[in-house]
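The values are calculated or read from the model by the stated rules, or taken from the named source; none is laboratory data. Keep in mind that what you see is a predicted model, and the values were worked out from it rather than measured. Cβ placement follows ideal geometry from the backbone for every residue including glycine, while neighbour counts extend to all protein chains displayed. Ligands, DNA and RNA are excluded from the accessible area calculation, which covers all protein heavy atoms including side chains. Shrake-Rupley method; radii C 1.70, N 1.55, O 1.52, S 1.80 Å.
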Amino acid sequence: MKLIKNYRTLKLAIVMSFITLIMILAYGFMSWKSWGNVQSVTKNTNEVESSLFINLQKDKLSTEKLNEYLGDLKNKRQSCDVVFFISWQKNVNARFKKYSEECNKSVEKMNRTIQSMEKIVSFMEFDKELSGEIRTVSDELSKTRQNDFIAMEKIWTSAKKRLESREDDVDLRKLVVKRIDAILLAVRDLKSASEKKDSDQFTIARDKFTVAINAWIGLQNELTQESQLRIDNLLREF
């Protein structure tokens, strides 16, 4: 009887040892797989960034092209997360800690690139809309009678409202609205001088209007230069 009992105890011990061995092997495999994935994320992220850098340099950049690259980056963005019962290893193993830090550094770099590109795309989209707005205003002004300052004021006020309603670059919107406000102020001064038949005031207002219009026209070149500057700054981040 005692012999049977000892046999069962031995059998149970063997089974438990076998289960324990399987669990250790499974945990070891999961650990190896998890940290291997972390290394893969680092490698893939760096390769995507390198490919983007090459494309940004060789392609003629447009809003559509940048949006294409931006979408590709977002689709290929990965996480360095490791399951909680394995992630603790980086606190006691220098090699795993290095893997984790390198991965996080690469992913954070990609996230900064995505944020920078989103701002550039938003800027270029606003610039594109502004070009259309300039054409629209020019077309509407060409159809107004000379010195019809009421009609001119309405045209510029409408343009201001349309541009103010956009949710793009706040600083850019403020700059554009400021230029339109200068034009509106000059138009109102012209209207006032015309109503008073004050030639001196009219001359001052006309000069103010010319300066404001030139600043509005020059805005397109300023935005083109700013857009290129932002792209150059993005390339310097690589």
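Is region 131-212 best put as rounded, prolate or oblate by its Cα gyration tensor, with a ≥ b ≥ c the root eigenvalues, rounded for a/c under 1.5, and otherwise prolate when a/b is larger than b/c, oblate when not? Judged from the Cα gyration tensor, region 131-212 comes out prolate (a/c at least 1.5, a/b above b/c).
Across the cross-link table entries K97/K119; K154/K208; K58/K90; K119/K143; K119/K161, which are compared at the Cα atoms, the separations over 29 Å belong to K97/K119; K58/K90; K119/K143. Please report, as a whole percent, how much of the solvent-accessible surface of region 82-238 comes from carbon and sulfur atoms (probe radius 1.4 Å). Carbon with sulfur: 51 percent of the solvent-accessible area.
Shape class for region 84-180, computed from the alpha carbon gyration tensor (a ≥ b ≥ c): prolate, with a/c not under 1.5 and a/b above b/c.
Would you mind getting the accessible area per residue of region 112-238, heavy atoms of the protein chains only, 1.4 Å probe, in Å²?
Value for region 112-238: 59 Å² per residue.
The phi-based Karplus calculation (6.51 cos²θ - 1.76 cosθ + 1.60; θ = phi - 60°) puts the 3J(HN,Hα) values of region 132-149 at x, 5, 4, 5, 4, 4, 4, 5, 5, 5, 5, 9, 8, 6, 4, 6, 8, 5 Hz, whole numbers, x for Gly and Pro.
Couplings for region 209-225, taken from phi via the Karplus curve 6.51 cos²θ - 1.76 cosθ + 1.60 with θ = phi - 60°, read 5, 4, 4, 5, 5, 4, 5, 5, 5, x, 4, 4, 5, 4, 5, 5, 5 Hz in order; Gly and Pro are left as x.
For the listed peptides 193-206, 135-148, a ranking on the average number of other beta carbons within 10 Å per residue, highest first, reads 193-206, 135-148.
Under 1.5 on a/c is rounded, so check that first for region 103-160, then, if it is not, pick prolate when a/b is larger than b/c and oblate when it is not; a ≥ b ≥ c are the square roots of the alpha carbon gyration tensor eigenvalues. Here region 103-160 falls in the prolate category.
Rounded to the nearest whole Hz, the Karplus-based 3J(HN,Hα) values (6.51 cos²θ - 1.76 cosθ + 1.60, θ = phi - 60°) of region 97-102 follow the sequence 5, 5, 4, 5, 5, 5, with x at glycine and proline.
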